[in-house]
Structures are given as C-alpha cells and as structure tokens.
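First the structure, in the form of structure tokens, and then the observations on it.
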Amino acid sequence: MSRFWSEVVHGLTPYVPGEQPKIPGLVKLNTNECPYGPSLRVLQAIRDAAGEDLRLYPDPEARALRDAVAAHHGLESAQVFVGNGSDEVLAHVFQALFRHEAPLLFPDISYSFYPVYARLYGIATRPLPLDEDFRIRVDDYLAAGPNGGIVFPNPNAPTGIALDLAEIERLLLGNPDSVVVIDEAYVDFGAHTAAPLIDRYPNLLVVRTLSKARALAGLRVGYALGYPDLIEALVRVKDSFNSYPLDRLAIAGGVAAMQDDTWFAHTRGLIIASRDKLTAGLQALGFEVLPSAANFVFARHPLHDGDVLSAALREARILVRHFSQPPRIASFLRITVGTDAQCDALLQALSAIVPSEA
Ligand code: PMP
C-alpha cells in the first residue's frame, strides 16, 4: 500500500464486475448482457456518425439524446440526465443527491456497486435485510428513521424479484425528505416502471440503461429521469469535472435505440419467453428458481454448492455468476437469459453435473 494514497483509497473495496473473457466460444451468461445484437437502425446511425464530424467535440448537453429519451417517456428534456452507462449516472447520483447527515438505505442483497460508491464518497450506509422470500420490505425503510437517501434496483439484482409500483409509491409518500432512487436496469423484462410517477414525486429519481433490453452494453449509455431540480443537481456535478457526458457515436446510437420500438418489443419478447423455458428447465433438474422479472434468473440446487456448480460449468465452457457474499446467497447461481440454444447448452451441462431428481 502506498503512503501517498488517500484514506479513501486504502478503505476501498473495488467493485468486481463479472468476467469479460478473452477466450472465444464461451457461452457467456454471467453479466446480463443481451444475447442478440442491437437494432440495425442503431448500427446504421453509428456508421453515419462515424465520419468527418468526429473531429468536433460532442454536444456537452447531449440534447438529441435527452430529447429522444424524453419523447420516449412522454417527459420534458429538463427531466432527463444522460451519462456513460447507468454506473456513471449512479456515481453522479451518489455525489449530488445522497446527503451525509444520515445513512443511505439499500437492501443487504443488492447491486454490489452501491457500497463501493458510498465508501468512495464518504456516505454512511445501512443495508436493510430482505425478507425470508428475498423481497424488499418497504415497512423497514419507513421505520428506519432519518436517511440520507434510498437506492435499490427494481427488479432487484441479483434476485430478479420485482417490487410493485404501489409499494414504491408508499415508500415515496412516507419518505418525503430524501431522494428515493429506483435503479431500473432490468425493468423492461416484466416489472412496472416508476417513470410515470416522477411528475408527482419530487423525491423520485429513476435510473435506466441501454445496456440490457437495448443490447448496447458496449456503447455505454444510461440516463436518469426526475424532477428538473434533481436533474440540475446531477448536471452541476457532471459539469464540475467532465462536461461531455457522451461521445458522438454513443449519442447517435442512443437516439436510434430509443426510437426503435419494433426491435425493442421483439427482443424483449424473445428474452421473456426464453426465461420462462430456462426456469422450467432448471426446476426440472431440481433447482429452486426465484420469480424473475429480469433478464436473468437466480437459482440454487438443494444438493450442490453455487461455487462448485459455477466451477463445473466453467469447465464446460459456460460462464454464470456466483456471489460468495453474503452467505445467504452463496448457494445461488445468477444465470443470464441467453438465446434458447445457449440456455439449452446450460441445461444440458447442468444435467451432467447434478444427479437427476434426487
Ligand atoms: N444497475 C444494476 C442493478 C446493474 O446490474 C448494472 C449492470 N451491472 C448497472 C446498474 C449498470 O449498468 P450500465 O453501467 O451498463 O448501464
């Protein structure tokens, strides 16, 4: 450890993303990417933007993309913030909107990026346990006393379980003094978006990504929707160190993605249908599968540890995600919904690893 490092760096536990393998030909079901390529309209828009104009800086306000996002959600551009993937949007949220006088509340089993950023920005945290069915208990958040903000994914990650909009509304009503951030990275696969609530709740911020249901994880586009006042706080943070939120290619591709509803509906439908088949296949092998509203499933086998299963799958050239912490989820595998062929390959490999119906 360097004596020149700040205390913050010494204390930092880096966020470890899923493996991005260099070996070709692996069945990659570990980072919740879309198994299908993006819309052809997106690819064309990026090609069109890849010309002479790349010598020019991009629009620091990414106006075209904010307009396209606003139009998609029936909102004003002043209610939209954009960034390099929702991870960057969330980083700005942590700096701009979570206050330091009380702890930030989030589920104890949730996106592992939240505690990393809280630590980086000196924000105290209070993780609240999920209930015995791995569901978020809104009453616990309302009873927790003052907070500096609340954040969770809906559907939650890595469980895939969605929270009803009525419950989110109860949380917003009962928590008027701090921001509630709903991270909707996986909302398009079966949960209800809280976006229509933002006109009514000045304390609601909805964070979205084009990485999952729009198949653009490689382009790095995310956005936030909220009251203009919340958006302005995010813009102030952004402007203080990087006034170009997105490059020209990302803006062009992002605009086209927000406008291709046909591709979007088709792809989402394919993934939801494959998820249902994958769930049934896992259950037939004896797995318990949590009810997923996401593009992944969270599943465990009563007789096999998660780490053993994920290592055996890797031997079979199939990548899934295993979390050793917290202990309550160490028996689970998080499996991205792939194409039907990928899901079949996974089920076939698993059937060789787990004994048939014990
Ligand atoms: N939120 C959640 C819950 C996620 O799982 C992810 C993806 N790992 C993200 C946000 C970030 O996605 P991106 O930065 O690609 O938009």
Determine ³J(HN,Hα), in whole Hz, for all residues of region 39-51 in sequence, where each value follows from phi through the Karplus function 6.51 cos²θ - 1.76 cosθ + 1.60 and θ = phi - 60°; x replaces Gly and Pro.
3, 4, 4, 5, 4, 5, 4, 5, 4, 4, 7, 7, x
Using packing as a proxy for protection, rank 336-347, 130-141 so that the peptide with the highest average count of other Cβ atoms within 10 Å comes first.
336-347, 130-141
Sequence-distant or interchain residues sharing an amide H contact under 5 Å with residue 111, placed H: which?
157
Looking only at region 40-260, where both bridge partners belong to it, what percent of the DSSP beta bridges are antiparallel (to the nearest 5)?
40 percent
Rounded to whole angstroms and listed largest first, the alpha-carbon spread of region 54-123 along its three principal axes comes to 40, 32, 23
Let me know the number of lysine pairs in the chain closer than 26 Å at the Cα, not counting same-chain pairs under 8 apart.
5
Of all DSSP beta bridges in region 173-304, antiparallel share, percent nearest 5
65 percent
Scattering profile of region 70-162 at q = 0.11, 0.24 Å⁻¹ [log10 I(q)/I(0), Debye over alpha-carbon scatterers]:
-0.36, -1.24
In a shell of Cβ-Cβ distance under 14 Å around residue 306, excluding residue 306 itself, what net charge do Lys and Arg (+1) and Asp and Glu (-1) give?
+2
From the Cα trace of the chain, what convex hull volume per residue do you get, rounded to a whole Å³?
153 Å³
When the convex hull of the C-alpha atoms of region 7-46 is computed, what volume per residue in Å³ does it have?
152 Å³
How big is Rg to Rh over region 125-198, alpha-carbon atoms, Rh as the Kirkwood inverse-mean-distance radius?
0.93
Where a ≥ b ≥ c are root eigenvalues of the Cα gyration tensor, a/c under 1.5 meaning rounded, otherwise prolate if a/b exceeds b/c and oblate otherwise, region 192-344 counts as prolate
Trypsin sites (Lys or Arg not before Pro) lying in DSSP loop within region 252-358, provided at most 12 other Cβ fall within 10 Å
none
For region 18-82, what value does the Rg/Rh ratio take when both radii are computed over Cα atoms and Rh is the Kirkwood radius, given to two decimals?
1.09
In the neighborhood of residue 246, defined by Cβ-to-Cβ distances under 12 Å, what is the net charge if each Lys or Arg adds +1 and each Asp or Glu adds -1?
+1
Report P(r) for region 273-333: all Cα-Cα distances, bin width 10 Å, range 0 to the bin holding the largest distance, values in whole percent.
23, 55, 22, 0
Region 5-69-region 260-298 distance, computed between alpha-carbon centres (Å)
24 Å
What residues have an amide H closer than 5 Å to that of residue 128, excluding those fewer than 5 places away on the same chain, when H is modeled at 1.01 Å from N in the peptide plane?
106, 108
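Read the figures in this text as sums done on the coordinates, not as results from a lab. Values in this document were obtained by computation on a predicted structure and should not be read as measured data. Neighbour counts run over all protein chains shown; Cβ positions are idealised from the backbone, glycine included.
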